[in-house]
Amino acid sequence: MHKDLLRLMRAERSVRAHLTVTLAAAVIAGLLVLVQAELLAGVLSGRFATGALLFLAAVVGLRALLGWGQGIFAARTSTGVKSALRHRLLARLQELGPARLSGHRSGELVTLTGRGLDALDPYLTGYLPAMAVAGVVPVAVLVRLFAADLTSAVIVLITLPLIPIFGALVGMHTKAVTERQWRALSLLGGHFLDVVRGLPTLRAFGRARYQASVIQRVADSHRSATMRTLRVAFLSSLVLELCASLSLALVAVPIGLRLLGGSLDLTTALLVLLLAPEAYLPLRMMGTRFHASMEGVAAADAAFAVLDDAAAPEQPRVAVPAAAAAPEQARAVAVPASGGPPEIRLENVTVRYPGRDDPALREVSLVITPGERVALVGESGGGKSTLLHLLLGFVAPTEGRVLVDGADLAELDLTAWRDRLAFVPQRPHLFATSVADNIRLGAPSASPELVRQAAAAAHADEFVDVLPDGYDTLVGERGANLSAGQRQRLALARAFCRPDASLLLLDEPTARLDGRSEAAVVTATAELSMGRTSVIVAHRPAMIDLADRVIRIQEGRVVSDVLAAKSLVPGAGAAQAGDER
Ligand code: ADP
Ligand code: MG
């Protein structure tokens, strides 16, 4: 029995109810076999009147009904468990955040949350009920046999354990084989996704054919792993069947001899012959179902490995006692409802990525005043994006603190905090939906008017207008039908579509733009950053010139921090914010 899965099923109320009904139906149907055998033996030996046949028919009908109910409720249990697991997995993936997820192989996760969990079906609908039946019915049959005929009961009692023993021996071997099969499958999923995404690159570098052969190899190893599992599974059912048949012969032969000798009456003999197979059957069923369910167990293990991934960055936040004790209060204090431009303070912040020796940021201390426009400059790999991700709460400081208006970001409600941000990542992601929906991603209720304004501000309107369906044009997966510059402008429009944001985080917003668009975007950024705190990673002079202050980051350290000459005359935004405080 899978412990984590059991815990999950206990936690979900409807699943628990469905599972109880399933198991009860299976066990009752199993126990009715005893009644059925009793009646049949009585009728055949002539001890019961033929009227008993009616009862017999009723029992058979009832068993059929129970089987039908068991099927329905087992399917509901399985659907419930899978959907609960998928929900938890997706929530967990969101919690883990972009920085941590890059450590996992996304293709594997896709395989797991999608088809992978379907492998749980045989486990939940087949193995679990079989296990419940195997725990109850053989014992009941044995008790009845002891009451009817001691010799036969002893033979069954001695031979019965052989089936689980052989089953376990074979099972130990299969577990290793199935786990190998599961690994091959997830490797295949991961590799396939990777190759499909990178197909243009692979073609350009003439490696597409080679990748085809790699996929073929991985698929081949999956096939042979599957065949190995099947071979073992078939072999094991052969062993179990043989074992059960021989045991039955051991019961049947003495019964026949004793019947001939006259030391046994016909009713008892028939009853024993009818019941004995029923003692072995549940164990054999369990053995067969076991193999079919192994892939599901492997999938469940993989799912719980992701769920239990303890070192998640946002977990300590939940555990902070102050925030846990009075979350409402803490939030009210931490995120001012007004949402004016925040002051940001970094105190000796060091960020280390898992698996990296050198920290991405080392002991950075900074104060960004409300309404200030800061440009981050420096060589690539210096830690500029990491600094933005820190402010977004994607990465947590390894040492030091990030304070927003004096409150530790680690104790803030991140969702409420992110509502105050407008962010343009270095590699913006577009979704396979309409242009308009992509723009209003961060403001789902934005009016078409606002969407147009945002697009105009980002200089996206000129190319959107000539698209076949304008703002309703569907963007291909990951923005495939747009140029890099167009994608960049849509990402900017997305930030411009959040006019209420009080902190602007732009990561190289003009990196893929031509000169004319760049100038326009710089103007729009200047307007948007009025009255807001903004941190802009910039390379080109036009954008840098916009800033009140230029911070140069190199190898994770702030190497220079200068006020731009023009900021000696305070900007409108800074002055306004200063008055508010
Ligand atoms: P910049 O934006 O200035 O080019 P980054 O902040 O992206 O620099 O990266 C700073 C350093 O941190 C680099 O050495 C980079 O390789 C490393 N780094 C960035 N993101 C990750 C990550 N998710 N996992 C591990 N290392 C990372
Ligand atoms: Mg960067």
Revision key, fill the gap. Whole-number value, in Å³ per residue, for the convex hull of the alpha carbons of the range 477-573 is 121
**Study point:** Positive-pole candidate from GLY51, VAL351, ALA564, dipole of the chain, charges at beta carbon
**Key:** GLY51
Point to revise | Folded to 0 to 90 degrees: helix 128-148 orientation relative to the chain principal axis, Cα | key: 20
**Study point:** Amide hydrogen neighbours beyond the local backbone of VAL424, cut-off 5 Å, H modeled
**Key:** LEU505, LEU506, ASP507
Practice item. In nm, give the distance between the simple-model label positions of LEU31 and GLU477, each being 7 Å from the Cα along the Cα-to-Cβ direction. Key: 5.3
Review point. Using alpha carbons only, how many degrees (0 to 90, rounded to 10) separate the axis of helix 266-307 from the longest principal axis of the chain?
Key: 10
Exercise for review: Return the carbon/sulfur percentage of the accessible area of the chain, one whole number, probe 1.4 Å, all protein chains in place.
Suggested key: 61
Check your understanding: Dipole of the range 3-303, Cα-centred, from +1 at each Lys and Arg C-beta and -1 at each Asp and Glu C-beta, to the nearest 20 debye?
Key -> 1280
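For the chain, with only Lys/Arg (+1) and Asp/Glu (-1) charged at the beta-carbon, what is the dipole magnitude about the Cα centre, in debye rounded to 20?
Taking the Cα centre of the chain as origin, the dipole is about 1600 debye.
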Review point. Where the centre of each part is set by its Cα atoms, how far does the range 466-519 sit from the range 215-244, in angstrom?
Key: 52
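Provide the per residue accessible area, probe 1.4 Å, for the range 3-303, rounded to a whole number of square angstrom. The partial results should precede the final answer.
Working: 15590 Å² over 301 residues.
Solvent-accessible surface per residue comes out at 52 Å².
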Review point. Per the Cauchy relation, a quarter of the hull surface: what is the mean projected area of the convex hull of the alpha carbons in the range 3-303, in nm²?
Key: 19.1
Review point. Each residue of the range 13-29 in order: what ³J(HN,Hα) in whole Hz does its phi give by Karplus 6.51 cos²θ - 1.76 cosθ + 1.60, θ = phi - 60°, with x for Gly and Pro?
Key: 4, 5, 4, 4, 4, 4, 5, 4, 4, 4, 5, 4, 4, 5, 5, 5, 4
Review point. Taking the Cα centre of the range 3-303 as the origin and placing charges on Cβ (Lys, Arg +1; Asp, Glu -1), which of VAL143, GLY67, VAL253 is farthest toward the positive end of the dipole?
Key: GLY67
Review point. Of LEU202, LEU230, PRO448, which is farthest on the positive side of the dipole of the chain, counting Cα position, with +1 on Lys and Arg Cβ, -1 on Asp and Glu Cβ, and the Cα centre as origin?
Key: LEU230
Check your understanding: Measuring from the lowest to the highest alpha carbon on each principal axis, how far does the chain reach, largest first, in angstroms?
Key -> 118, 60, 49
Review point. Once every DSSP H run of n ≥ 4 in the chain is given -39500 (n - 2.57) and the sum is divided by its residues, what mean residue ellipticity at 222 nm do you get, rounded to the nearest 500 deg cm²/dmol?
Key: -21000 deg cm²/dmol
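The values are calculated or read from the model by the stated rules, or taken from the named source; none is laboratory data. All values reported here derive from a predicted model rather than from experimental measurement. Neighbour counts run over all protein chains shown; Cβ positions are idealised from the backbone, glycine included. These accessible areas exclude ligands, DNA and RNA; they are computed on the full protein's heavy atoms, side chains included. Shrake-Rupley method; radii C 1.70, N 1.55, O 1.52, S 1.80 Å.
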